[in-house]
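The values are calculated or read from the model by the stated rules, or taken from the named source; none is laboratory data. As the structure is a computational prediction, the values presented were derived from the model and not from experiment. Backbone-built Cβ (ideal geometry, glycine too); neighbour counts: all protein chains shown. Ligands, DNA and RNA are stripped out before the accessible areas are found, and what is left, the full protein with its side chains, is counted by its heavy atoms. Shrake-Rupley method; radii C 1.70, N 1.55, O 1.52, S 1.80 Å.
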Amino acid sequence: MDTVLQLGDFVFGGMEVPEVLPLGGGQRLVVQNFPGGARNVQSMGSDHAPITWQGLLLGSNAIDRANQLDAMRIAGLSQPLQFFDARYTVVVQS
């Protein structure tokens, strides 16, 4: 089964789907250090790592497709990102 990778209306196909799509992240913590070595640690919840990848766009319309992705970056609007069974709302940073 082929991996579906879709960003907004843009569907990456075949060899355009990167071999690695990072998942996970960390835990956002607030740490207070007190005199004498006492410490208070509060968990503020999940802090997802940035979802990043790089790859090639293929075919005779590769420039048009690259421009479509760049237009998403320029607009700075939230876009749905879907791969495997994961769904995120993202903004294209670069």
Matching residues in region 1-14 - criterion: being surrounded by fewer than 10 Cβ atoms within 10 Å (Cβ to Cβ) and closer than 21 Å to Tyr88 by Cα
Asp2, Asp9
Pairing a residue in region 6-27 that is closer than 30 Å to Val41 by Cα with any residue that is in a loop (DSSP other than H, G, I, E, B) and open to solvent by 60 Å² or more (accessible area, probe 1.4 Å), where Cβ atoms lie under 9 Å and the two sit 6 or more apart in sequence or on different chains, gives Pro22/Pro50; Pro22/Thr52; Pro22/Trp53; Leu23/Phe84; Gly25/Pro50
Among the residues of region 44-63, how many are out of contact with any strand residue (DSSP E or B) (no Cβ under 6 Å at 6 or more places or on another chain), surrounded by 10 or more Cβ atoms within 10 Å (Cβ to Cβ) and not hydrophobic (A, V, I, L, M, F, W, C)?
5
Could you list all residues from region 70-94 that are in a loop (DSSP other than H, G, I, E, B), open to solvent by less than 90 Å² (accessible area, probe 1.4 Å) and closer than 15 Å to Gln6 by Cα?
Ser78, Val91, Val92
Just for region 1-34: of the residues that are among the acidic types (Asp, Glu) and farther than 17 Å from Asp64 by Cα, which one is nearest to the chain's Cα centre (by Cα)?
Glu19
Say whether the condition of being closer than 30 Å to Leu77 by Cβ, part of a helix (DSSP H, G or I) and open to solvent by 80 Å² or more (accessible area, probe 1.4 Å) is met by at least one residue in region 15-29.
yes
Residue hits (region 18-35; under 25 Å from Arg87 (Cα atoms) and not hydrophobic (A, V, I, L, M, F, W, C)) are Pro18, Glu19, Pro22, Gly24, Gly25, Gly26, Gln27, Arg28
